[in-house]
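Here the structure is laid out as C-alpha cells; the discussion comes afterwards.
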Amino acid sequence: MPGSGAQVWDFLVGREGVEIWLGPGAELGGEPGTAYETANGTTGEIRGRSEGTELRLTWRPKDWDHDSTLRITVSGTEQKTTLRFHQEWLAGADEREEQRAYWSEVTERVVAALAER
C-alpha cells in the first residue's frame with residue numbers, strides 16, 4: 001500500500017485504525033498483558049509489541065469457544081508499505097476461510113482510510 005511504514009503503523013494503533021481492524025470501542029494499550037474488549041464482544045490480550053513493526057495479541061469473538069493468536073506486521077520503505085495479518089489457532093478450514101475473508105476486507109478498509117488522509 002502507498003505510504004511509509006511509520007504512517008501505516010501510526011494509523012493502525014490509533015483510534016481510527018483500531019476500530020477498523022479490531023472493532024469499535026477497543027482501547028489498545030501498549031504493554032503485553034493489557035486486555036481489551038470491543039463493543040461487539042471480541043476480547044483478547046496484547047502479547048507482544050515491537051513499536052512500528054509488529055503487534056501480537058489474542059483474538060476471540062464473543063461467539064467463539066477458543067482464542068486465536070493474531071500477528072500484525074508492517075514493513076516497507078518511505079513510499080510503499082506491506083501490511084500483513086497472520087492468524088493462528090483457528091478451529092478448522094471453515095474458520096480459516098472466514099477469517100481470510102475478514103482480513104481481506106479489513107485490508108481494503110485500511111487502504112481506503114489511508115487514501116483519504
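For the pair Thr53/Thr107, report the inter-label distance in nm, with labels modelled 7 Å from Cα in the Cβ direction.
That separation, rounded to one decimal, is 2.1 nm.
Within the range 33-93, report the GluC sites (Glu not before Pro) that DSSP leaves as loop and that have at most 12 other Cβ atoms within 10 Å.
Passing both the DSSP loop test and the Cβ count: Glu51, Glu78.
To the nearest Å, what is the center-to-center distance of the range 1-39 and the range 64-93, using C-alpha atoms only?
The range 1-39 and the range 64-93 have Cα centres separated by 13 Å.
Find how much the distance from Arg117 to His86 grows on full extension, using 0.36 nm per residue of separation minus their present alpha carbon separation; answer in nm with one decimal.
8.6 nm
May I ask you to list the trypsin sites (Lys or Arg not before Pro) in the range 22-97 that are in a DSSP loop and have at most 14 other Cβ atoms within 10 Å of their Cβ?
For trypsin sites (Lys or Arg not before Pro) across the range 22-97 that sit outside H, G, I, E and B with at most 14 neighbouring Cβ atoms in 10 Å, the list reads Lys62.
Thr77: accessible area at probe 1.4 Å, nearest 10 Å²?
Per-residue accessible area (Thr77): approximately 80 Å².
Any chance you could give the angle, 0 to 90 degrees and rounded to 10, that helix 93-115 forms with the longest Cα principal axis of the chain?
Relative to the chain, helix 93-115 is tipped by roughly 30 degrees.
Could I have the simple spin-label model distance between Glu45 and Thr77, label points 7 Å from Cα toward Cβ, reported in nm to one decimal?
Each label point is offset 7 Å from its Cα along the Cβ direction, giving 4.1 nm.
Figure the gain on full extension for Thr69 and Ala35 (residue separation times 0.36 nm, minus the Cα-Cα span) and round it to one decimal in nm.
This chain segment gains 10.9 nm when fully extended.
The values are calculated or read from the model by the stated rules, or taken from the named source; none is laboratory data. Predicted model only: the values in this text are computed from it and were never measured. When we count neighbours, we look across all protein chains shown, and the Cβ atoms used for this are built from the backbone with ideal geometry, even at glycine. The protein model used for the area step is the full one, side chains on, heavy atoms only, and it has no ligands, DNA or RNA in it. Shrake-Rupley method; radii C 1.70, N 1.55, O 1.52, S 1.80 Å.
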